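To start, the structure under review is shown below, and the notes come after it.
Please treat every number below as a calculation from the coordinates, not as lab data. Because the structure is predicted, anything quoted here is derived from the model rather than measured. We place every Cβ from the backbone using ideal geometry, glycine too, and count neighbours over all the protein chains shown.
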Amino acid sequence: MPYNSSTWHNVPLEDKSFLITGGAGFIGSHIAEYLLTHGALKVRILDNFSLGFRENLEHLTHFPALEIMEGDITNKEHCTNAMINIDYVCHLAALGSVPRSINDPIATNHANVSGFLNVIVAAKNAGIKKMIYASSSAVYGDSDVMPRTELKIGRPLSPYALSKYMTEEHAELFGRVYDFHATGFRFFNVFGARQNPEGAYAAVIPRFFKAALESKQPEIYGDGSICRDFTHVSNVVQICVKAMLSNKAEKIYNVACGEKTSILELWNIIAGVVGSTLEPDFKPGRKGDVEQSLADISSVTKDFFYRAEMNIDEGLKMTYAYYKHLYNS
Ligand SMILES: NC(=O)c1ccc[n+]([C@@H]2O[C@H](COP(=O)([O-])OP(=O)(O)OC[C@H]3O[C@@H](n4cnc5c(N)ncnc54)[C@H](O)[C@@H]3O)[C@@H](O)[C@H]2O)c1
């Protein structure tokens, strides 16, 4: 991703130190890349490599400012140590995936809720200047309000959704009880290079690229009419960087493109980009999946001058270059 040319802030980074939990994962590795290529004093990664990969950071290891700390957010001591000499925290470490959480709600709760508590307590105790954290559009659950506006959520449909909602509640409570304010972002279906295409819990865009590039039928759960607000990872990097450096605190925001695409439309775009003529293999719908998802992004736009600079078509073309290289090499 050419982060060299994009600067979304006017604050110098040369004297600032960042901790990214889950930084060896998909989104975290992009935030690390942006911060390092823009001269951050220190970018520390705390990751247990359960879902993330050292290869995601390999292209950044020549930056002396990068520090990789292998550790677990469910371990209080690891969290405390990770905060030493850090100014800003971007908390991303979590077990993602709705189906994974339905299969193992205890593991999801442990990493996503207990882990979150360890991180926010350690951040508060260390006097961190600003903490931001990843929530998810999954918290909208069975709400029928469309587009999704931050103040109206429904009941969660999966342990994953509940775990993300609990982090938002903990963060809000920390603001009131401890005067420690963390800002949360409900990401809507993020995609881009380095998103893992392998395994039972892979997200739909990497699965579709893998199927198209291997000339296999893509699996679609349901009839393909469910919609998502797909968001290129560069838009997420933009908001995370802006928010860490901003004085705004203690709120929750949607981060998306503000456009909806059905799963069938998505396959047709990807098939067109890759040149596949295969028809999808339709499977029964999955438990826990939200039916429709479209974000109202007016709040994040107003407070942070966020702009979804990369739309889905451009984002998919860039992402194709990554998967093409991955499957041809
Ligand atoms: N990708 C999306 O579409 C999306 C959408 C909404 C929310 N989110 C949230 O954004 C965050 C980042 O997502 P991602 O797509 O980069 O996922 P990812 O799985 O690629 O990255 C998560 C990282 O967290 C690490 N991790 C997991 N448990 C850990 C633990 N106990 N201790 C330390 N590290 C741990 C993993 O090894 C991995 O590197 C997550 O909190 C996720 O729930 C992602």
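Results, tabulated for the structure shown:
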item: Neighbour-count order for 213, 41, fewest beta carbons within 10 angstrom listed first; result: 41, 213
item: Entries of 152/302; 76/242; 251/302; 130/260 with Cα pairs more than 20 Å apart; result: 76/242; 130/260
item: Separation in nanometres of the label points that stand 7 Å from Cα toward Cβ, at residue 69 and residue 149; result: 4.1
item: Fraction of beta bridges assigned by DSSP in the stretch 15-328 that are antiparallel (%, nearest 5); result: 5
item: GNM top mover of 80, 21, 277 - the chain, alpha-carbon springs below 10 Å; result: 277
item: Förster radius 22 Å - calculated FRET efficiency between residue 324 and residue 283, Cβ distance, rounded to 0.05; result: 0.25
item: Proxy reagent accessibility, fewest Cβ within 10 Å first, across 15, 72; result: 15, 72
item: Normalised convex hull volume, the stretch 1-155, alpha-carbon set, Å³ per residue; result: 141
item: Cβ-based net charge around residue 273, under 10 Å, with every Lys or Arg adding one and every Asp or Glu removing one; result: +1
item: Ranked 150, 55, criterion: other C-beta atoms within 10 Å, fewest first; result: 55, 150
item: For residue 94, net neighbour charge (Lys/Arg +1, Asp/Glu -1) across residues whose Cβ lies under 14 Å away; result: -1
item: Paired Rg and Dmax values of the stretch 185-277, which use every Cα atom, in angstrom; result: 15.3, 50
item: With 10 Å bins from 0: P(r) over the stretch 208-329, alpha-carbon pairs, percent; result: 12, 36, 31, 17, 4
item: Net charge contributed by nearby residues that have their C-beta within less than 12 Å of residue 108 (K/R +1, D/E -1); result: +1
item: Segment residue 172-residue 305, length gained on full extension (0.36 nm per residue, minus Cα span); result: 45.6 nm
item: GluC sites (Glu not before Pro) restricted to DSSP loop in the stretch 274-318 with at most 13 other C-beta within 10 Å; result: 291
item: Kirkwood Rh (inverse of mean 1/r, distinct Cα pairs), the stretch 15-328, angstrom; result: 19.6
item: Distance from the stretch 148-201 to the stretch 86-128 (C-alpha centre basis), Å; result: 10
item: Amide proton proximity set for residue 131, modelled H, under 5 Å, gap of 5+; result: 89, 183
item: Backbone N under 11 Å from the residue 11 label point (7 Å along Cα→Cβ), restricted to the stretch 122-139; result: 129-132
